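Written out below as structure tokens is the structure these notes cover.
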Amino acid sequence: MEQTYFRKGFGLKGEIQGALSDDYHSSVVDAVRARGYALTAGDLTVRLAQEFGFCYGVDRAVEYAYEARAKFPGKRIFLVGEIIHNPHVNAKLSGMGIEIIARSAAGAFDFGAVTAADVVILPAFGVTREDFERLRTLGSVLVDTTCGSVLNVWKRVESYARDGFTAIIHGKYQHEETRATASQVSEHAGGRYLVVRDMDEARLVCEFIERGEGGDGLKARFCAAASDGFEPARDLVRVGIANQTTMLSTESLAIAAELRRAMTARFGPAALAEHFRSFDTICSATQDRQDAVLRLLQDSVDVVVVVGGYNSSNTNHLAALCAERVPTYHIQDAACIAPESGAIRHKPVGAHAEVEVRDWLPPGRRVVGITAGASTPNNKVGETVERIFATRGVDLSETLA
Ligand code: SF4
């Protein structure tokens with residue numbers, strides 16, 4: 001029988017390496033790294049975090065997508081949503097003729113155009129069990145780029161459901177990865193989940209666990225973020241913790257600790273294992289980028305520029321970490337920096353829209369820190385470095401020549 005499901009690539013790396021390098025490589029980033037992750041010209045220094053940009057999961061997903069294009073040159077290729085949350089990368093794939101299947105207003109993907117003759121790429125965050133089954137039924141070739149770290153979370157959540165534990169997932173319930181993760185409970189009859197976005201929501205759950213009051217309020221609050229028929233009195237007796245891989249790790253750990261405390265208060269320490277399970281499912285790439293930006297902030301930086309998609313969860317968390325300590329500008333792209341006018345367009349932490357700020361880089365000795373989310377390619381970081389120096393009238397091509 002012809003193989004229609006692929007999740008290990010096609011062995012075409014040699015064929016696509018040139019295109020990947022043309023589309024995402026940056027000689028500026030290479031040069032800054034070679035100089036110890038810092039570059040000074042005049043009284044301006046730019047420091048790069050030691051870990052930033054494409055993670056192993058994104059590298060792999062983008063590579064598979066390019067390989068799929070090379071492997072099936074004559075076929076229509078679809079992509080379920082965005083491969084990763086970076087507009088530049090998604091635009092490159094569109095330019096290669098890969099058609100993005102958008103979500104409808106109701107939140108479901110419309111696979112109406114897909115036939116058995118087509119190829120469908122599944123993104124790095126994975127798809128829900130329901131969407132996977134629908135695509136298998138259509139009979140198209142599936143190229144599955146779901147990251148191994150996401151698969152590990154799925155296994156954990158599936159085991160909670162198998163053992164009668166409700167999966168409490170720290171994440172954003174509308175995020176593709178969290179939807180896919182939550183859907184894993186459906187592998188077992190009666191599997192349940194509840195998604196909590198932050199510590200405030202986790203505390204509401206803990207209050208119910210400890211006091212057993214306010215169940216109706218909890219149901220109303222989490223109606224979109226819990227499995228169908230969620231009943232706090234029944235579903236918060238045995239809980240297992242997991243998280244979207246790109247959340248702020250300190251918050252995920254604190255939420256797990258708070259739920260452990262609440263379950264201990266309710267059932268007592270001796271019975272805790274029967275009622276509570278926990279496993280830190282932040283991926284190592286996310287953790288490394290968060291740790292690296294904290295180290296960067298110790299280096300007396302005056303301001304930080306964070307580069308990455310505005311809908312990228314891990315990029316938003318990097319920006320939030322920085323904004324607690326120094327002025328921070330989360331930009332989607334280097335084009336957000338206008339050297340001629342000295343302005344920068346950015347999305348403030350917690351906001352949904354961009355704002356423009358003038359004179360963001362005042363004269364005098366300044367150190368600008370730079371980091372980038374796991375879905376940001378190096379060329380976008382390199383262009384950002386160039387534009388920051390250009391804001392001070394420095395042409396980096398001359399400096400690095
Ligand atoms: S951020 Fe982590 S889980 Fe997500 S794609 Fe990258 S390595 Fe995989």
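Suppose each label sits 7 Å from its Cα in the direction of the beta carbon; what would the residue 223-residue 133 distance come out to in nanometres?
2.5
Just list whichever of 71/92; 13/92; 155/347; 8/92 have alpha carbons separated by over 26 Å in the model shown.
Working: 71/92 17 Å; 13/92 18 Å; 155/347 35 Å; 8/92 22 Å.
Too far apart for the 26 Å limit: 155/347.
Could you check the spin-label model distance between residue 99 and residue 233? Points 7 Å from the Cα along Cα→Cβ, value in nm.
Here the modelled spin labels are 5.1 nm apart.
Magnitude of the Cβ-charge dipole of the stretch 18-127, K/R +1 and D/E -1, about the Cα centre, nearest 20 debye? Kindly include the intermediate steps, with their values, before the conclusion.
On the way: 10 positive and 12 negative charges, 17 e Å.
Magnitude of the dipole: close to 80 debye.
Under a 1.4 angstrom probe, counting protein chains only, how are 40, 145 ranked by accessible area, largest first?
Result, largest first: 40, 145.
Is any helix in the chain, taking whole DSSP H runs, at least 24 angstrom long along its axis by alpha carbon and on average at least 0.0 on the Kyte-Doolittle scale, and which ones?
249-267
Going by Cα centres, the stretch 99-141 and the stretch 22-50 are how many Å apart?
So the separation of the two Cα centres works out to 39 Å.
What size of dipole, in debye to the nearest 20, comes out for the stretch 230-364 about its Cα centre when the only charges are +1 on Lys and Arg C-beta atoms and -1 on Asp and Glu C-beta atoms?
520
Could you compute the FRET efficiency for residue 365 and residue 401, with r as their C-beta to C-beta distance and R0 at 22 Å, rounded to 0.05?
Using R0 = 22 Å, I get an efficiency of 0.35.
Quick check: at a probe of 1.4 Å, how many percent of the accessible area of the chain sits on carbon and sulfur atoms?
That share works out to 49 percent.
List residues of the stretch 114-137, by number, whose backbone nitrogen lies under 16 Å from a label position 7 Å along Cα→C-beta of residue 75.
Zone members listed by number: 114-123, 135-137.
Given springs between every Cα pair under 10 Å in a Gaussian network model of the chain, which of 129, 358, 197 has the largest fluctuation?
358
Per-residue HN-Hα couplings for the stretch 338-350, Karplus 6.51 cos²θ - 1.76 cosθ + 1.60 at θ = phi - 60°, whole Hz, x for Gly and Pro?
10, x, 5, 9, x, 9, 9, 9, 8, 9, x, 4, x
5 Å is the cut-off here: which amide hydrogens, built 1.01 Å from N in the peptide plane, fall below it relative to residue 240, excluding neighbours closer than 5 in sequence?
Distant-sequence amide H within range of residue 240: 166, 167, 168, 277.
Can you give me the accessible area per residue for the chain, using a 1.4 Å probe, in Å²?
That works out to 43 Å² per residue.
Which percent, nearest 5, of DSSP beta bridges in the chain are antiparallel?
25
Pop a pseudo-label 7 angstrom from the Cα along the beta-carbon direction at both residue 162 and residue 356 and give the gap in nm to one decimal.
According to this spin-label approximation, the distance is 5.6 nm.
Would you work out which of 321, 362, 343 lies farthest towards the positive end of the dipole of the stretch 299-398, given +1 charges on the beta-carbon of Lys and Arg and -1 on that of Asp and Glu, about the Cα centre?
321
Quick one: work out the % antiparallel among DSSP beta bridges in the stretch 248-401, nearest 5.
If I count the DSSP bridges inside the stretch 248-401, around 40 percent turn out antiparallel.
If amide H atoms are built 1.01 Å from N in the plane of the peptide, which residues on other chains or at least 5 residues away come under 5 Å of the amide H of residue 109?
104
Please give the Cα centre distance for the stretch 352-401 versus the stretch 283-313, rounded to the nearest Å.
About 15 Å separates the Cα centre of the stretch 352-401 from the one of the stretch 283-313.
About the Cα centre of the stretch 263-304, what is the dipole size in debye to 20, counting +1 per Lys and Arg Cβ and -1 per Asp and Glu Cβ, all else neutral?
In total the dipole reaches around 240 debye.
The values are calculated or read from the model by the stated rules, or taken from the named source; none is laboratory data. Computed from a predicted model, the values in this text were never measured in an experiment. As a convention, Cβ positions derive from the backbone with ideal geometry for all residues, glycine included, and neighbour counts pool all protein chains shown. Accessible surface is based on the protein model in full, side chains and every heavy atom, while ligands, DNA and RNA are left aside. Shrake-Rupley method; radii C 1.70, N 1.55, O 1.52, S 1.80 Å.
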